[in-house]
1. State the number of residues belonging to the range 111-141 that are more than 16 Å from the ligand (Cβ to nearest atom), of a type outside the set (Gly, Ala, Ser) and more than 19 Å from LYS297 (Cβ to Cβ).
2. Considering the range 182-200 alone, what residues qualify as being near the ligand (Cβ under 10 Å from one of its atoms) and over 17 Å from TYR218 (Cα atoms)?
3. For the range 121-161, how many residues are assigned to a helix (DSSP H, G or I), of a type in the set (Gly, Ala, Ser) and over 10 Å from the mean Cα position of the chain (by Cα)?
4. Any chance you could count how many residues in the range 9-33 are more than 24 Å from TYR47 (Cβ to Cβ) and either assigned to a loop (DSSP other than H, G, I, E, B) or open to solvent by 80 Å² or more (accessible area, probe 1.4 Å) (or both)?
5. All but one of (1) open to solvent by 20 Å² or more (accessible area, probe 1.4 Å); (2) more than 18 Å from LYS310 (Cβ to Cβ) hold for GLY92, so report the exception by its number.
6. Only one residue in LEU264, LEU289 is closer than 26 Å to ALA175 by Cβ and not small (Gly, Ala, Ser). Which one?
7. Output the qualifying pairs, or none if there are none: Cβ atoms under 7 angstrom, residues six or more apart or on different chains, first residue in the range 164-181 and under 21 Å from PRO211 (Cβ atoms), second residue part of a helix (DSSP H, G or I) and among the basic types (Lys, Arg).
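The values are calculated or read from the model by the stated rules, or taken from the named source; none is laboratory data. Being a predicted model, the structure only gives us computed values, none of them experimental. Positions of Cβ are backbone-derived with ideal geometry, glycine not excepted, and every protein chain shown enters the neighbour counts. Surface areas here come from the heavy atoms of the whole protein model, side chains and all, with no ligands, DNA or RNA. Shrake-Rupley method; radii C 1.70, N 1.55, O 1.52, S 1.80 Å.
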Amino acid sequence: MNRKILLKSRPNGIPSENNFEITDAVVPQLKDGELLLKALYISVDPYMRGRMSDAKSYAPPFEVGKPIQGGIVARVIESKADGYFAGDHVLGNLNWQELQTVAATSVNKIEAAKVPLSYYLGILGMPGLTAYFGLLEIGKPKSGETVVVSGAAGAVGTVVCQIAKLKGCRVVGIAGSDDKLSYLKNELGVDVVINYRTAKNIQKAIADACPEGVDVYYDNVGGEISDAVISQLNTYSRVVICGQISLYNATEMPVGPRLQPLLLKRSVLMQGFIVSDFADRVAEGSKQLNQWVSEGKLKFEETIVEGFEKLPETFLGLFEGKNTGKYLVKVAE
Ligand SMILES: NC(=O)c1ccc[n+]([C@@H]2O[C@H](COP(=O)([O-])OP(=O)(O)OC[C@H]3O[C@@H](n4cnc5c(N)ncnc54)[C@H](OP(=O)(O)O)[C@@H]3O)[C@@H](O)[C@H]2O)c1
């Protein structure tokens, strides 16, 4: 049996399982230069919401009636490509399909992993690199500074919090449940934590948590949480615009405060980025993240759901905060 998951229709607002369709797929015939792959772990990522719409963006829209694509760790079942053998593992941007053939040139081989294979979709993959480059290249945190992280308990946020601690910063993490807050505080050593869902006054909660103001804001969520953090920025502070998940399902963009006067008066740098901006430095980032993980300096949490058919509901769970750390679906052993 082989199954695939298609984009059935484009969502308007919050997506639902009706926007996806699970169907049987033919086991494809292998050609020269290709690999037959079996998906093991499939990543669900917030940016995929953007690809469900047909709005122009940095990644092309998914096509209606075609498989969803995303980060997948897979095992080679059969190879007709030089340098690949059955049993090898690869990382690729692949179809949400249990078995598929691909050109070997379109995937990256995972060399003898010393860590769980799923880490290549998280701390040693795209989210880890996003945290690393966004914080260090744009945030430029200095020892003793206050770094505020929204979406702090997620795949990117947990890595940002820990790198900021490694750099000697005081870290304030914002997340949406008390379990997430205790994980951030007790496991990752985050100095102050704020539950944005239960805080009576988010502006005051952030001001109280940052008596000396905010030097770096790593923004994963946007919206009112970010408005509140930005009001506390110090002179020469840096704002890293990594994600805006609170706005991904918006059908009309809410109008927030006009920020330019504050940015001007406090000489603030605010910069958006896409991890692929650093594509030519992946080797450097991967090496450092690997080293920190092997030295036990970076911890990594995963929320793993089992079953290929659970992919749509798991993806939707990102917008309800169902994950701590990286959210993944395990499809096969
Ligand atoms: N720029 C890049 O290249 C790049 C690369 C990767 C990711 N990103 C962005 O970085 C952010 C984090 O990505 P991730 O993969 O690490 O996801 P994640 O944080 O593991 O998962 C998403 C989390 O967002 C929070 N959330 C959902 N809706 C929210 C809302 N309305 N307001 C506030 N928080 C909300 C939820 O946690 P709570 O329980 O705390 O609400 C949820 O667990 C996303 O915005 C993503 O698009 C950017």
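1. 3
2. If the condition is that a residue be near the ligand (Cβ under 10 Å from one of its atoms) and over 17 Å from TYR218 (Cα atoms), then ARG197 is the only one that fits.
3. Summing the residues that are assigned to a helix (DSSP H, G or I), of a type in the set (Gly, Ala, Ser) and over 10 Å from the mean Cα position of the chain (by Cα) in the range 121-161 gives 2.
4. Residues that pass the stated criteria total 10.
5. Among (1) open to solvent by 20 Å² or more (accessible area, probe 1.4 Å); (2) more than 18 Å from LYS310 (Cβ to Cβ), GLY92 violates only (1).
6. Exactly one of LEU264, LEU289 is closer than 26 Å to ALA175 by Cβ and not small (Gly, Ala, Ser), namely LEU289.
7. Pairs that qualify, where the first residue is under 21 Å from PRO211 (Cβ atoms) and the partner is part of a helix (DSSP H, G or I) and among the basic types (Lys, Arg), are VAL171/LYS165.
Residue-wise test of (1) open to solvent by 20 Å² or more (accessible area, probe 1.4 Å); (2) aliphatic (A, V, I, L, M); (3) in a loop (DSSP other than H, G, I, E, B).
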| residue | (1), (2), (3) |
| --- | --- |
| LYS38 | yes, no, no |
| TYR41 | yes, no, no |
| ARG49 | no, no, no |
| ASP54 | yes, no, yes |
| TYR58 | yes, no, yes |
| PHE62 | no, no, yes |
| GLY70 | no, no, no |
| VAL76 | no, yes, no |
